[in-house]
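Novice: Mind looking over this structure? Questions follow.
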Amino acid sequence: MKIAPSILSADFANLERDIKMVEKAGASYIHVDAMDGQFVDNLTLGPNIVQAIRPHTKLPLDCHLMISNPEKFIPAFAKAGADIISIHVEATHHIHGALQMIKNEKVSAGVVINPGTSVETIVPVLGDVDLVLVMTVNPGFGGQSFIESAVDKIKTLAHIRKEKGYHFEIEVDGGITDETIGMCKEAGADVFVAGSYIFGSSDEGKAIEKLKEAAKNV
């Protein structure tokens, strides 16, 4: 089980401090949300931020591209130091080709589905990916409520993974708290993105501990 704190909810004036804090507290990945103001109605972190934080953590940088035509940006994120690049099936006409671009950059490749997108849309590429990210909120802003219908998608992906002998991780992002993490873990999720739950807490380390404890008790 892996916790991936989303720095979208961190203190941007003290990003290095917050990243080191969650690394020390037992985070497995640092989740970086990149948004272009087109695919989603928000504008956030680009390759320059990835490049800036890369020297300050040994943790894998898990870059989630909420970007239209992500092919244009894959090389820049890879060069900046991304370890995982995940792209939305809804954001490109050529999902297989875009995933191959990521692989060609020697970076782990992830595919993402929004709450309104079915697992069936990504079945043809599940054998090619290292990670599948299931959005448990609509993408664009932190602090939203968990969408419970996403749990069935996690179960479906876990079933396909076992049946086909695939090795992708199942990641969930959105509304992850000590109350929602258990149902995702039970359904088959491996990686849990949490932003406001961790960085909105008075003690980030205890928040991570609480998430791990809640998942362990399933």
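Novice: List the pairs whose first member sits in the stretch 145-167 and is closer than 18 Å to F192 by Cα and in contact (Cβ under 8 Å) with a residue 40 or more places away in the chain, whose second member is of a type in the set (F, W, Y) and not in a helix (DSSP H, G or I), and whose Cβ atoms are under 6 Å apart, counting only residues at least 6 apart or on separate chains?
Specialist: Between residues of the stretch 145-167 that are closer than 18 Å to F192 by Cα and in contact (Cβ under 8 Å) with a residue 40 or more places away in the chain and residues that are of a type in the set (F, W, Y) and not in a helix (DSSP H, G or I), there is no close pair.
Novice: Check G97, G81 and return the single one that is out of contact with any Ser or Thr (no Cβ under 8 Å at 6 or more places or on another chain), among the small types (G, A, S) and more than 22 Å from G195 (Cα to Cα).
Specialist: On the way: G81 fails: more than 22 Å from G195 (Cα to Cα).
On inspection, the qualifying residue turns out to be G97.
Per-residue answers, yes or no, for (1) among the β-branched types (V, I, T); (2) touching a Phe, Trp or Tyr at 6+ places or on another chain (Cβ under 8 Å):
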residue: N69; (1), (2): no, no
residue: K72; (1), (2): no, no
residue: P75; (1), (2): no, no
residue: A80; (1), (2): no, no
residue: H88; (1), (2): no, yes
residue: H96; (1), (2): no, no
residue: M101; (1), (2): no, no
residue: K106; (1), (2): no, no
residue: V111; (1), (2): yes, no
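Novice: Looking at I170, is it assigned to a helix (DSSP H, G or I), in contact with a strand residue (DSSP E or B) (Cβ under 9 Å, 6 or more places away or on another chain), closer than 30 Å to Q38 by Cβ and modelled with pLDDT of 95 or more?
Specialist: No; evaluated as a whole, the condition is false for this residue.
Novice: Follow-up question, since we're still on this one. Working carefully through the options A189, A207, A194, find the one that is at pLDDT 95 or above, under 15 Å from D18 (Cβ atoms) and either buried (at least 24 other Cβ atoms within 10 Å of the Cβ) or among the aromatic types (F, W, Y) (or both). Reasoning before the result, please.
Specialist: On the way: A189 fails: under 15 Å from D18 (Cβ atoms); A207 fails: either buried (at least 24 other Cβ atoms within 10 Å of the Cβ) or among the aromatic types (F, W, Y) (or both).
Selected residue: A194, the only one of A189, A207, A194 that is at pLDDT 95 or above, under 15 Å from D18 (Cβ atoms) and either buried (at least 24 other Cβ atoms within 10 Å of the Cβ) or among the aromatic types (F, W, Y) (or both).
Novice: Within the stretch 16-50, track down each residue that is among the small types (G, A, S), touching a helix residue (DSSP H, G or I) at 6+ places or on another chain (Cβ under 6 Å) and surrounded by 18 or more Cβ atoms within 10 Å (Cβ to Cβ).
Specialist: Matches in the stretch 16-50: A25 only.
Novice: Quick one: what pairs do we get from the stretch 7-29, first residue on the phi > 0 side of the Ramachandran plot and touching a residue at least 24 places away in the same chain (Cβ under 8 Å), second hydrophobic (A, V, I, L, M, F, W, C) and buried (at least 18 other Cβ atoms within 10 Å of the Cβ), C-beta under 9 Å, 6+ apart or different chains?
Specialist: G26/I3; G26/I208
Novice: Of the residues that sit in the stretch 107-127 and are within 18 Å of V32 (Cβ to Cβ) and not hydrophobic (A, V, I, L, M, F, W, C), which one is farthest from the chain's Cα centre (by Cα)?
Specialist: In the first step, residues of the stretch 107-127 are kept if they are within 18 Å of V32 (Cβ to Cβ); the result is 107-112.
From the residues that got through so far, the ones that are not hydrophobic (A, V, I, L, M, F, W, C) too are 108, 110.
Values: S108: 12, G110: 9 Å.
Going through the qualifying residues, I end up with S108.
Novice: Among residues belonging to the stretch 116-156 that are in contact with a strand residue (DSSP E or B) (Cβ under 8 Å, 6 or more places away or on another chain) and of a type in the set (G, A, S), point out the one that is modelled with the lowest pLDDT.
Specialist: G142
Novice: Filter the stretch 173-218 for residues that are of a type in the set (A, V, I, L, M, F, W, C), without any contact (Cβ under 8 Å) to a residue 60 or more places away in the chain and touching a strand residue (DSSP E or B) at 6+ places or on another chain (Cβ under 7 Å) and give the result.
Specialist: I176, I181, C184, A189, listed by residue number.
Novice: Given the residues T156, T177, which is the only one that is in a helix (DSSP H, G or I) and more than 14 Å from the chain's Cα centre (by Cα)?
Specialist: Among T156, T177, only T156 is in a helix (DSSP H, G or I) and more than 14 Å from the chain's Cα centre (by Cα).
The values are calculated or read from the model by the stated rules, or taken from the named source; none is laboratory data. None of the values given here were measured: they were computed from a predicted structure. Here the Cβ is made from the backbone with ideal geometry for all residues, glycine too, and neighbour counts use every protein chain on show.
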